[in-house]
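Here's the structure we're looking at; comments come further down.
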Amino acid sequence: MKPLLDTYADRLSHTLEAEHSRRGQAPRDDHPMADVIFFDLDGTLVDHRSAVLETIGQIVQAAPNATAPPEELVTLWWTLEARHMREYLAGQCSFAEHHRRRLRSFLPMLGEPVPTSPGLLDAWIAERYLTVFEES
């Protein structure tokens, strides 16, 4: 299976291609198009829900300054994921920004400071979330 970070990069690449197309710009040649796209509508290829539960569970258990019990933080993550995914799907933000928005709401409840830099928020997702998610 392709590592999740590569999949994330592919999504970003396709998002950029779509934005170029929307603006009437020629697509870039350095990002090849996918030959096949798989849709996992029922979780048979990737058990997303279980992987998220395990990932957030590990992150929450390692948070000594959390402001709520672990169960509430996991529920909060799901709520934020749904809210910000709807915003992304509605074209209100980029895929990367939907992750950042989630973190801006979640990190204070985790008892962690919220980075002001988009790059630091992206690094949190890559280093703390995706690495655990890929192992799940």
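For this structure, a couple of remarks:
- Relative contact order, percent, the stretch 47-135 [alpha-carbon distance under 8 Å, six or more residues apart]: 35
- Close amide-amide hydrogen proximity is noted between V114 and no other residue 5 or more places distant or on a separate chain, at a cut-off under 5 Å (H modeled in the peptide plane; Pro and chain starts excluded).
- Here the 3J(HN,Hα) profile of the stretch 117-125, calculated from phi with Karplus coefficients 6.51, -1.76 and 1.60 at θ = phi - 60°, is 7, x, x, 6, 5, 4, 5, 4, 4 Hz, Gly and Pro shown as x.
- Neighbour-count ranking [beta-carbon atoms within 10 angstrom, fewest first] of L121, L45, L76: L45, L76, L121
- As a calculated quantity, the FRET efficiency between T79 and R128 at R0 = 25 Å, using C-beta atoms, amounts to about 0.80.
- Placing +1 on each Lys and Arg Cβ and -1 on each Asp and Glu Cβ, with no other charges, gives the stretch 47-135 a dipole about its Cα centre of roughly 360 debye.
- Under the Karplus curve 6.51 cos²θ - 1.76 cosθ + 1.60, θ = phi - 60°, whole-Hz ³J(HN,Hα) for the stretch 56-63, x wherever Gly or Pro sits: 5, x, 5, 5, 5, 4, 8, 9
- Under the simplified labelling scheme, the L107-L89 pair shows an inter-label distance of 2.7 nm, with each label point 7 Å from Cα along Cα→Cβ.
Laboratory data are not the source of any read-out in this text; all were calculated from the coordinates shown. Bear in mind the structure is a predicted one, so any value in this text is a computation, not a measurement. In this analysis, Cβ positions are derived from the backbone assuming ideal geometry, glycine residues included, and neighbour counts consider all displayed protein chains.
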